[in-house]
Amino acid sequence: MKLKLHIWRQASPQAKGEFKAYDLDGVSPHMSFLDMLDLLNEQILHEGGEPVAFEHDCREGICGTCGMVINGIAHGPEKLITACQLHMRTFNDGDEIWIEPWRAAAFPVMKDLVVERAAFDRIIQSGGYISVRSGSAQDANAIPIPKEDADRAFDAAACIGCGACVAACPNASAMLFTAAKAAHLSYLPQGQTERLQRAANMVTAHDEEGFGNCTNHGACQEVCPKGISVDYIGRLNRDLLKATLSGVEVSTR
Amino acid sequence: MRRVLTLYRSSVGKKIMMAISGLILFGFIVAHMVGNLKAFQSPNGDGTHPLDTYAEFLREVGYPLVPEGGILWAFRLVLLAAVGVHIIAAIQLWSGARTARPSRYRKEDSQVFSYASRTMRWGGVIVAAFVVYHILHFTTGHVHPDFEYGRVYDNLVVGFQNPLVAGFYIVAVGALCLHLYHGLWSVFTTLGVQNRKIDRIRRPLAAGISVVLFVGFVSVPLAVLTRILTL
Amino acid sequence: MELDAKIPDGPIAEKWTRRQFEMKLINPSNKRKYKVIVVGTGLAGGAAAATMGELGYDVHCFTYHDSPRRAHSISAQGGINAAKNYQGDGDSVFRLFYDTVKGGDFRSREANVYRLAELSLNIIDQAVAQGVPFAREYGGLLDNRSFGGAQVSRTFYARGQTGQQLLLGCYQALERQIHEGAVKMYNRHEMMDVVIVDGRARGIVTRHLVTGKIEAHMADAVVLGTGGYSNVFFLSTNAKACNVTSIWRAAKRGAGFANPCFTQIHPTCIPQSGEYQSKLTLMSESLRNDGRIWVPKKAGDDRRAGDIPESERDYYLERLYPSFGNLSPRDIASRRAKELVDAGHGVGPLNNGVYLDFRDAIQRLGKGKVQERYGNLFQMYEKITGEDPYSVPMRIFPAPHYTMGGLWVDYDLMTNIPGLFAIGEANFSDHGANRLGASALMQGLADGYFILPLTVGNYLAEAPRGGVDPDHPAARDVIAETTALQERLLAANGKRSVDSFHMELGRIVWDHCGMARNDSGLKEALKRIPELREEFWRDVKVPGSGADLNQSLEKAGRVADFMEFAEIMCWDALTRDESCGAHYREEHVTEEGEAKRDDENFLHGAVWEFKGAGEEPVRHEEPLHFEHVPLSQRSYK
């Protein structure tokens, strides 16, 4: 296959970026999208240019490192996959493909398609955990958890922290990411003690990072490679309402 | 109050305030629509119309326990406050979103979210503009060609006999109902009122209510235009 | 090189308790005065950093990723073993210990493995308390499955994402400590070297991957939890960034590298679809529970699978191993597949796979049941290959997956360089010559949560504290060397990309030091690797500069280390003139075609001392003793 690629090139966080067009020949339909970018980079290298920087690691959709907006859709046109799981058979010979980084104030572009997502870590730092010390746990089977709760917790915990939700949200909100972690822990008995505090802390941290506000568009759910439901956002909203009305103060260090 | 302010400071809190104020306004709209249907009642024997009587009732209810128009103004103040909160929160959320997404995508595929959700903001602006016009038109009469205080039914029929006015009204009500459709669906998430049953019915529920309201509202101008309702 | 394993005295079941009691302690209020560096944030590194933060040490933790949550532990699918005996099927600490020693083909240390089995109990408790959503039964208790041919159900799992969930538990514990100020996190910092002062590890040199800044960080102890080196093969199931650099640089500074030739090849991966391919994808081994593996009887048969009649199919695992059949151990299943593909029986467009067929399972169980059991795996397969495994048999082929070798460590997980510790896949300690399924997660977490935080304390109690800063001459020297190496890569300005060299190196190592090895092949590899290395330094092209985000430069540094490391791997394979576990020397095969150990001459761990690139490394030995698990020959007939 032969493709025309328009790729966002930006030398550094401060630099002004722009789209550059590339013609790429010899693309096999069996290639993954990232194999195709590897091929392009090999070509750019031989032409004396600097390869396109893009992040990736496991290349099987679980590490959450890769992510780019492909033809206007975070992770590309196929549902429930990450960019690395997208294969070129989805495209046709002669296609034009626009490739852009996640765009959000809280995810500054480092270079080309690479963005900085440390804001996600800081949201987790504010309360996305159960406070337990190594070695202080009771026997694992001492707390039975109904299978249904465990399954719902798992569905929320499946988040890979890729940031597609933020990229797709018209408000650049990270509410799906935040709510997924809060929901995961709130379905479990171990997570109850800190539940309201966690909601208050995480929402505050989310806002402080400069993410926008959720206005229930549902775009996040559409692009989420793990199919995480916006229902978890409702659950977090309710916890936050409870937390505030019962006077829980946001705890900062 | 301090807790409410704390709540309002967070993005989720602003949404919750929007939801609550939205629900108040929704209640008003339902009552308004039901009141409008009184236009279809036949005139009283004395040349007045039940719609006029209803308006009179709204002004006088509670008198002499409270001053005349007291209850009406109390309601108006609550509605005004709700409109204020709804609009201010909307503007703040909007500006927050603009700061959060300073540069847009070159190519945007918006099929991933619904038309109703995308038009919340512009739809809201249209509805707000309409409300101002609507008050100047039917409440204070400033932009009405032939306004007569207290003759609600006559004002209404005269007003809607102008197809342009009726057309604008219908479009605006359409925008309002689209706005309500997404708003009503979304209020469940915002307030975290969720379980499997609710999740199943919330979209048809929001759609059904919006359609009923739309039909109720547009029936009046349509009836005027088709001369079912006359002076 | 002095190799004292420091195994505590006493009965095996009491060794760890005894060791803990003997340890010197640091007063809680003094702990924060000790600075510990942890490199890597996978299960081992992340757990160690979090736990040491909880204990009160001043922890500085480094990762080259943008977030600690990206570490490759996240990709582990199957599960984690623990001797909980929740199923009441006769499991025990001793049985898990026994199975692990035997599975490792008697090339691991009994005392270490026993401790691992013992701590497996605490790991599950710890993970559940953190909120790891393990699979549960309807009664609300934890579910288990049998994994990798084990005779008991001792594997805990979280759908096909056990590694992810365990890593997120550990990541959250780490983030909590960062929030508390107990751990300082350095994202996007790649460790380039170790700084040794007066014979002790006292710091590391890092490169910031966005700004390019090279700097030294000093500490009182350094812990490496930097994973394995399967990417020496270029194509493996490891994440793309996985590399040998940190442990190899440590080896170049004098740390012994143990058993580098023990590399595990996983039998069920999706075969390569073309030369361009960058990465192989693993399909969970659980597929072998119901899938039947076969190849056409006739070599070069290119008919479609459905057109090949039953009589012309060779269900070779069922034929050769009637009792274990398709569930034969990883190394055996892998080798048989390779032999048949080499003999021309391979299937698929590139004739590089064998069939894993669910036709009979679908007939027997119904499509619904198969979908319920393997639905997500089938979907994953279809996404990658574009073929529907419900109607066409899957194609699979073995791929490098895990490395049992690593830095030599004693019972306290300390290398032969005082103050330098290695944990998780980065060390060599527990899996011998072959790792059992669902044991990697167990080892990483046992090291990180429960062993290292205590043994580091014991070391620190007697080690010098402070007194070195990044201006120390030793640190400045290492910074200068690191900078010079980088300049050299940038200055080569040749014609070939880093990837093309990596691919070529991988091909050599795969062909000669992969699933099957022999004397002449290894000697061939030892001739070709130095040639390729020489060409690499002459002809590699690394564009851009060292002063910003430069992914080519990052790769180049890693591949440069693989070029040196690959040689030591081949030396190890050549000098271990026996077959054991995953190390299969064609010269040493039983009559049934299985690995034939030579316990007389090779009952030891081989520990390599680096003597300079191109120089012959020196081989040391740590003798092994088996008192509780009698030496025996594996048999799966």
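None of the figures in this text is laboratory data; all of them are computed from the coordinates on show. Quick caveat: nothing in here was measured; it's all calculated off a predicted structure. Every residue, glycine among them, receives a Cβ derived from its backbone with ideal geometry; neighbour counts consider all protein chains shown.
Which percent, to the nearest 5, of DSSP beta bridges fully inside the protein assembly as shown are antiparallel?
On the way: 59 of 82 bridges.
Percentage antiparallel, nearest 5: 70.
State the percent of C-alpha pairs, over all pairs in region C:481-637, separated by a distance greater than 24 angstrom. The partial results should precede the final answer.
Values: 5638 of 12246 pairs.
Across region C:481-637, Cα pairs with separations above 24 Å total 46 percent.
Among C:GLN77, A:PRO225, B:LEU164, pick out the residue whose Cα is farthest towards the positive end of the charge dipole of the protein assembly as shown, where Lys and Arg carry +1 and Asp and Glu carry -1 on C-beta, about the Cα centre.
Of the candidates, B:LEU164 comes out farthest on the positive side.
Tell me which of C:ASN243, C:LEU141, C:THR268 sits at the most positive position along the dipole axis of the protein assembly as shown, charges placed on C-beta atoms (Lys, Arg +1; Asp, Glu -1).
Checking the options against the dipole of the protein assembly as shown, the answer is C:LEU141.
Compute the Rg to Rh ratio over region C:88-158 from the alpha carbon atoms, using the Kirkwood formula for Rh, and round to two decimal places. Please report the intermediate quantities before stating the final value.
Details: Rg = 13.3 Å, Rh = 13.3 Å.
Value, to two decimals: 1.00.
Around C:VAL59, which amide H atoms from residues at least 5 apart in sequence, or from another chain, sit under 5 Å from its own amide H, with H modelled in the peptide plane?
Residues meeting the amide H criterion: C:VAL36, C:LYS184.
What does the convex hull of the alpha-carbon atoms of the protein assembly as shown project to on average, in nm²? Don't jump to the answer; show the numbers that get you there.
Details: hull surface 199.8 nm².
Its average projected convex-hull area is 49.9 nm².
Computed FRET efficiency, Cβ-Cβ of A:ARG133 and C:GLU14, R0 25 Å: what is it to the nearest 0.05? It would help to have the intermediate numbers written out before the result.
On the way: r = 25 Å, r/R0 = 1.01.
Step by step, r from the Cβ atoms, then E = 0.50.
Given R₀ = 41 Å, what would the calculated FRET efficiency be for A:THR90 paired with B:ILE201, taking r from the Cβ atoms and rounding to 0.05?
Working: r = 36 Å, r/R0 = 0.87.
My answer for the efficiency is 0.70.
From the C-alpha gyration tensor of region A:1-69, pull out the three semi-axes of the equivalent ellipsoid (sqrt of 5λ each), sorted largest to smallest, in whole Å. List each step's numbers first, then the result.
Numbers: eigenvalues 76, 67, 23 Å².
The answer is 19, 18, 11 Å, longest axis first.
Take C:TYR381, C:TYR402 and order them by how many other Cβ atoms sit within 10 Å, fewest up front.
Working: C:TYR381 22, C:TYR402 25.
Result, fewest neighbours first: C:TYR381, C:TYR402.
Test of understanding: extend the Cα→C-beta vector of B:LEU136 to 7 Å, then name every residue of region B:161-201 with backbone N under 19 Å from that spot.
Taking a point 7 Å out along Cα→Cβ of B:LEU136, the residues of region B:161-201 whose backbone N falls under 19 Å are B:161-173.
Can you say what percent of the DSSP beta bridges in chain C, counting only those with both residues inside, are antiparallel? Round to 5. Walk me through the intermediate numbers first.
On the way: 45 of 64 bridges.
The answer is about 70 percent antiparallel.
Taking other Cβ within 10 Å of each residue's Cβ, how do B:LEU23, B:LEU77, A:LEU45 sort, fewest first?
Ascending number of Cβ neighbours within 10 Å: B:LEU77, B:LEU23, A:LEU45.
Residues in region A:236-253, backbone N under 15 Å from the label point at B:ARG3 (7 Å along the Cα-to-beta-carbon vector): list them, ranges by number please.
A:238-250
With 10 angstrom as the radius, rank C:MET1, B:MET18 by how many other C-beta atoms surround their C-beta, starting from the fewest.
By the 10 Å Cβ count, ascending: C:MET1, B:MET18.
At a threshold of 8 angstrom on Cα-Cα distance, excluding pairs fewer than six apart, so keeping six or more, what relative contact order does chain B reach in percent?
Values: 189 pairs, mean separation 55.2, N = 231.
Rounded, it is 24 percent for chain B.
Could you run the Karplus curve 6.51 cos²θ - 1.76 cosθ + 1.60 with θ = phi - 60° over region B:74-83 and give me ³J(HN,Hα) per residue in whole Hz, x for Gly and Pro?
4, 4, 4, 5, 4, 5, 4, 4, 4, 4
Tabulate in residue order the Karplus-calculated ³J(HN,Hα) for region C:119-135, using 6.51 cos²θ - 1.76 cosθ + 1.60 with θ = phi - 60°, rounded to whole Hz; enter x for Gly and Pro.
Once rounded to whole Hz, the list reads 6, 4, 5, 5, 4, 5, 4, 4, 5, 5, 4, 6, x, 5, x, 4, 4.
Give the calculated FRET efficiency between C:ALA299 and C:ALA491 to the nearest 0.05, with a Förster radius of 51 Å applied to their Cβ-Cβ distance. Walk me through the intermediate numbers first.
On the way: r = 50 Å, r/R0 = 0.97.
Computed FRET efficiency for C:ALA299 and C:ALA491 comes out at 0.55.
Take the Cα gyration tensor of region C:1-117, multiply each eigenvalue by 5, square-root it, and list the three semi-axes largest first, rounded to whole angstrom.
Details: eigenvalues 166, 103, 46 Å².
Equivalent ellipsoid of region C:1-117: 29, 23, 15 Å, largest first.
C:MET404's amide H: which non-local residues (gap 5+, or another chain) put their own amide H closer than 5 Å, with H modeled 1.01 Å from N in plane and none for Pro or chain starts?
Here C:THR263, C:GLN264 satisfy the definition.
Hey, what does the equivalent ellipsoid look like for region A:118-245, semi-axes from the Cα gyration tensor as sqrt of 5 times each eigenvalue, largest first, whole Å?
On the way: eigenvalues 121, 52, 36 Å².
Equivalent ellipsoid of region A:118-245: 25, 16, 13 Å, largest first.
Can you run phi through the Karplus equation (6.51, -1.76, 1.60; θ = phi - 60°) for region C:109-118 and list ³J(HN,Hα) in whole Hz, with x for Gly and Pro?
Values, residue by residue: 8, 3, 4, 5, 5, 5, 4, 4, 5, 4 Hz.
Once amide H atoms are placed 1.01 Å from N in the peptide plane, what residues at a sequence separation of 5 or more from C:ILE293, or on another chain, have their amide H within under 5 Å of its amide H?
For C:ILE293, the qualifying residues are C:ASP357.
Please give the contour-minus-distance gain from C:SER323 to C:ASP198: 0.36 nm per residue of separation, less the Cα-Cα distance, rounded to one decimal in nm. Don't jump to the answer; show the numbers that get you there.
On the way: separation 125, 0.36 × 125 = 45.00 nm, distance 5.74 nm.
Full-extension gain reported as 39.3 nm.
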